[in-house]
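Asks: Take this structure first; my questions come after.
Every number in this text was worked out from the coordinates using simple rules, so none of it is lab data. Values in this document were obtained by computation on a predicted structure and should not be read as measured data. Don't worry about glycine lacking a Cβ; one is built from the backbone with ideal geometry, like all the others, and counts go over all protein chains shown.
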Amino acid sequence: MLHIDILTVLPDLLKGPFDHSILKRAQQKQLVELAIHNIRDFTTDKHKTTDDYQFGGGAGMVMMIEPIDNCLTNLKLNRTFDEVIYMTPDGEKLNQSIANQLSMKSNIAILCGHYKGVDERVRKHFITKEISIGDYVLSGGELAAAVLVDSIVRLIPGVISDETSALFDSFQDNMLAPPVYTRPEIYNEWQVPEILLSGHFKNIEEWRFNQAIERTKQRRPDLLND
Ligand code: 6GU
């Protein structure tokens, strides 16, 4: 079973996303174990300080190394991490391939950055992988970590009830997914494509494949070149 430890100064921000729908059921079915840890619990001073002014001056607080070291050291008593990931806008950009690889690991730790960032020595000595979720800046790594965890967990066999459905996701073959329709067949004179009602499974598959290629060509030609 995949076990994911998340280190954050804002644990409440992360509880919501993991407590609904697919992520909730995956935990109930014991296909994944998610544990959120408050870095503040691993401080040793009476003010429970997790960040401080940066050396050399400049605006913005920096997350201190000691509470993070204490938290990781404590977690390492129980497990050996395959990856210790730091969520940061200057990390490697998340894609389906990274999610696929991480879904096959056993133990992952995810450190959420906040404020101005984290003391560089944390990155140098504790972090094995740095991930960004795109070229824009978030206030902290928590929402990014929720995105990463969702992308990983839904790939674990058994998490999605229809076993094959994750295989047909957009990006899974470097291709976008084809359009989908449901009832009613006609709404405001807008018809569902005839072929989807035909019952010819082979023709439907072919139509979906062609639609996927067309959509990818139109919207994300860069994917076809990879
Ligand atoms: Cl991982 N963190 C923050 N703070 N901003 C981001 C990000 C991560 N990925 C994209 N923007």
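Asks: Could you pull out every whole DSSP H run in the chain that spans at least 20 Å of Cα extent along its own axis and averages 0.5 or higher on the Kyte-Doolittle scale?
Replies: Helices meeting the span and hydropathy rule in the chain: none at all.
Asks: Follow-up question, since we're still on this one. Relative contact order, percent, of the chain when contacts are C-alpha pairs under 8 Å separated by at least 6 residues?
Replies: Computed value for the chain: 20 percent relative contact order.
Asks: What's the magnitude of the charge dipole for segment 52-99 around its Cα centre, counting Lys and Arg as +1 and Asp and Glu as -1 at the beta-carbon? Answer in Debye, nearest 20.
Replies: The dipole of segment 52-99 has a size of about 120 debye.
Asks: State, in angstrom, two size descriptors of the chain derived from its alpha carbons: Rg to one decimal place and Dmax to the nearest whole number.
Replies: 21.6, 70
Asks: Report the relative contact order of segment 168-225, percent, no decimals, based on alpha-carbon pairs under 8 angstrom and at least 6 residues apart.
Replies: 42
Asks: If packing is taken as the mean number of other Cβ atoms within 10 Å per residue, what is the order of 80-91, 106-117, highest first?
Replies: Ranking the peptides 80-91, 106-117 by packing returns 106-117, 80-91.
Asks: Express as a percent, rounded to the nearest 5, the fraction of DSSP beta bridges in segment 2-153 (both residues included) that run antiparallel.
Replies: Within segment 2-153, antiparallel bridges account for around 10 percent of the total.
Asks: Another question, if that's okay. So what's the back-of-envelope 222 nm ellipticity for the chain, counting only DSSP H runs of four-plus at -39500 (n - 2.57) apiece and dividing by all residues, rounded to 500?
Replies: For the chain, the value works out to -9500 deg cm²/dmol.
Asks: At a Förster radius of 30 Å, what calculated FRET efficiency corresponds to the Cβ-Cβ distance of residue 135 and residue 1, to the nearest 0.05?
Replies: The formula returns an efficiency of 0.35 here.
Asks: Using a 10 Å cut-off around each Cβ, can you sort 64, 104 from fewest to most neighbouring Cβ atoms?
Replies: Going from sparsest to densest Cβ surroundings: 104, 64.
Asks: Where the centre of each part is set by its Cα atoms, how far does segment 101-131 sit from segment 167-226, in angstrom?
Replies: Each part's Cα centre sits 37 Å from the other's.
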